[in-house]
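Asks: Structure provided below as structure tokens; questions to follow.
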Amino acid sequence: MTKPGRTTGESGADRTERAGGRRRVPLLLAVAGAAYLLDLGSKVAVVAELEHGAPVKVFGDWLELRVLRNSGAAFGIGEATTILFTLIAVAVTVVIVRLARKLYSAPWAIALGLLLGGGLGNLTDRLFRTPGDFQGAVVDFLHVRGFSIMNFADCAIVCGGILIVLFSFLGWELDNKDKPERRAGETVGDTAVADPPGAS
């Protein structure tokens, strides 16, 4: 029994974990790893098989595999600022790693995992592909007619970004800090607010 006026010795991190559920870092890493490996494996395959060959039609004239070395950002934007995009990718990776300390939401773990995996995929190209020195050209190969040419890393980054905007609009928190109030039956206005999926 704890005497009145004494603390139980529970840390702030313990109280947060008890309130928000278990941390979702393993899910974040799993999603990031899957996105990264899919991107890396697909780039290795298309460079080896298609780089100097004819485009391969996948869905008529609407989607084809065509290898292009891109020194810019996603969809070929900003080809003259390769180093800047490399530094941005590094900064985003650091921010996501720091956010992982308070990540208790499964939807947020998926969104950040996509963003992290895609960012690392293109960052790998910038670091290790020619000409090097943080200016490596990213391998793009998914050519969508009338739109752009991209890779799986770009797709992961865009999907992760869309999910982040959606979750922010819905008011879903990284750490589920409002979960106990919701469980207690509190409402926002006159309307009950549902927990985000995977919150428990």
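The values are calculated or read from the model by the stated rules, or taken from the named source; none is laboratory data. Predicted model, so just to flag it, every value in this text is computed and none were measured. Virtual Cβ from ideal backbone geometry, glycine too; neighbours counted across all protein chains shown. To get the accessible areas, we keep the full protein, side chains included, count just its heavy atoms, and leave off ligands, DNA and RNA. Shrake-Rupley method; radii C 1.70, N 1.55, O 1.52, S 1.80 Å.
Matching residues to (1) within 30 Å of Asp140 (Cβ to Cβ); (2) modelled with pLDDT of 90 or more:
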| residue | (1), (2) |
| --- | --- |
| Pro26 | no, yes |
| Ser42 | yes, yes |
| Leu63 | yes, yes |
| Arg69 | yes, no |
| Thr81 | yes, no |
| Thr86 | yes, no |
| Trp108 | yes, yes |
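Asks: I've got another one for you. Does segment 21-38 hold any residues that are within 18 Å of the chain's Cα centre (by Cα) and either among the hydrophobic types (A, V, I, L, M, F, W, C) or over 13 Å from Gly113 (Cβ atoms) (or both), and which are they?
Replies: Within segment 21-38, the subset within 18 Å of the chain's Cα centre (by Cα) is 23-38.
Hits for segment 21-38 are Arg23, Val25, Leu27, Leu28, Leu29, Ala30, Val31, Ala32, Ala34, Ala35, Leu37, Leu38.
Asks: If you check Arg101 against the conditions, is it closer than 19 Å to Ile164 by Cβ, modelled with pLDDT under 90 and out of contact with any helix residue (DSSP H, G or I) (no Cβ under 7 Å at 6 or more places or on another chain)? Steps first, please.
Replies: On the way: closer than 19 Å to Ile164 by Cβ: yes; modelled with pLDDT under 90: yes; out of contact with any helix residue (DSSP H, G or I) (no Cβ under 7 Å at 6 or more places or on another chain): yes.
Criteria met by Arg101.
Asks: Can I ask one more? Filter segment 90-119 for residues that are crowded, with 23+ Cβ neighbours inside 10 Å and either closer than 19 Å to Ser42 by Cβ or without any contact (Cβ under 8 Å) to a residue 24 or more places away in the chain (or both) and give the result.
Replies: Matches in segment 90-119: Gly113, Leu114, Leu115, Leu116, Gly117, Gly118, Gly119.
Asks: I need the full set of residues from segment 120-131 which are open to solvent by less than 40 Å² (accessible area, probe 1.4 Å) and among the hydroxyl-bearing types (Ser, Thr, Tyr), in order please.
Replies: Thr124, the sole residue that qualifies.
Asks: Does at least one position in segment 148-161 carry a residue that is modelled with pLDDT of 90 or more and among the hydroxyl-bearing types (Ser, Thr, Tyr)?
Replies: no
Asks: May I ask you to list the residues in segment 132-147 that are more than 17 Å from Leu87 (Cβ to Cβ) and open to solvent by 20 Å² or more (accessible area, probe 1.4 Å)? Spell out the reasoning first.
Replies: At the first step, the residues of segment 132-147 found to be more than 17 Å from Leu87 (Cβ to Cβ) are 139-147.
Correct list: Leu142, His143, Val144, Arg145, Gly146, Phe147.
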